[in-house]
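Report on the structure given below.
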Amino acid sequence: MPTFTLTPRQWANAMLAPGVACILDTETTGLDGSIIEVAVIDAATGEVLLDTLVDPDGAPIHPDAQAVHGLTAADLAGAPSWPQVHARLAAITATRKVLAYNAAFDRDRVLHDCRRAGIDPAHLFDPARWHCVMARRCQALGLGTDGRLRLDGGHRALADVRATHTLLQALADGIPDLDGLAAIAQPERTMPA
């Protein structure tokens, strides 16, 4: 379990400072699969820095994953390869902290695809560069830092980074997380361990 020195509000305000962080989300072929969509926005401004589909190099999309994000193999025709996307991602994140709603999942998928493609993940390998917004949300709700709540962002990468950005701004402003409180009251809205 991570230990945090800043409150969720202090942390969120620090992450929203210009040039400090970006917010990333991926969609994949499955829970243990390859990335098929990635989006990144600037945490301070919300500017879209990257929003692309990714060719999974023949990895099939699991039906459960497709039911969540709706992406098909036909949608990925002509998409750039992971090495092409990674080069852009590495440049965007080179000087920023990487925020993700479920940072452990997204970091693991990035590292998986780098290993699969035989490329160096560079600074994205460093777990200290990644920050989990879900952990801070759970901390703010009194669930500790290892709670698991779903993000109702729409299950496409760009929609999910925008939903994460809205949540980050609410944490920074000290606005009550009504969706999070509702999720606590409805256990089916929590994520499986």
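The values are calculated or read from the model by the stated rules, or taken from the named source; none is laboratory data. All figures in this text were calculated on a predicted structure; none of them were measured in a lab. Methodologically, a virtual Cβ is constructed for each residue, glycine included, from the backbone with ideal geometry; neighbour enumeration extends over all protein chains shown. We work out accessible area using only protein heavy atoms, side chains counted, and drop any ligands, DNA or RNA first. Shrake-Rupley method; radii C 1.70, N 1.55, O 1.52, S 1.80 Å.
Go ahead and estimate [θ] at 222 nm for the chain from helices alone: -39,500 (n - 2.57) per DSSP H run with n ≥ 4, summed, over the residue count, rounded to 500. Display every interim value, and only then the final one.
Values: 7 runs with 75 residues, N = 193.
Helix-only estimate at 222 nm: -11500 deg cm²/dmol.
For the pair T95 and S81 in one chain, pulling the backbone fully straight at 0.36 nm per residue adds 2.7 nm over the alpha carbon distance. Electrostatic bookkeeping for P8 treats Lys and Arg as +1 and Asp and Glu as -1; over the other residues with beta carbon under 11 Å from its beta carbon, the sum is +2. Each of T93, A183, W11 was placed along the dipole of the chain (beta-carbon charges, centred on the mean Cα), and the one lying farthest toward the positive end is W11. The mean of 1/r over all pairs of different alpha-carbon atoms in the range 93-154, once inverted, gives a Kirkwood hydrodynamic radius of 12.7 Å. Rounded to the nearest 20 debye, the dipole magnitude of the range 76-188 is 340 debye, with +1 charges on Lys and Arg beta carbons, -1 on Asp and Glu beta carbons, and the Cα centre as origin.
The slack in the chain from A182 to R116, taken as 0.36 nm per residue of separation less the alpha-carbon distance, amounts to 19.8 nm.
Just to confirm, what accessible area per residue do you get for the chain at 1.4 Å probe, in whole Å²? Can you show the working numbers first?
On the way: 9190 Å² over 193 residues.
Here the residues of the chain average 48 Å² of exposed surface.
Once you have the Kirkwood Rh of the range 82-193 from its Cα pairs, apply Stokes-Einstein at 10 °C and 1.306 mPa s and quote D in µm²/s. Write down the numbers at each step before the final one.
Details: Rh = 15.1 Å.
Using the Kirkwood radius from Cα pairs, D works out to 105 µm²/s.
Simple point charges give the picture: +1 on the Cβ of Lys and Arg, -1 on the Cβ of Asp and Glu, and for the chain a dipole about the Cα centre of about 520 debye.
Each of H123, N102, L149 was placed along the dipole of the range 101-149 (beta-carbon charges, centred on the mean Cα), and the one lying farthest toward the positive end is L149. Computed about the Cα centre, the dipole magnitude for the range 61-121 is approximately 260 debye when only Lys and Arg (+1) and Asp and Glu (-1) carry charge, each at its Cβ. Between the range 50-92 and the range 97-138, what is the C-alpha centre distance in whole Å? Each part's Cα centre sits 16 Å from the other's. For the pair T7 and A44, how long in nm is the line joining their label points, each one 7 Å along Cα→Cβ? Between T7 and A44, the simple spin-label model gives 2.4 nm.
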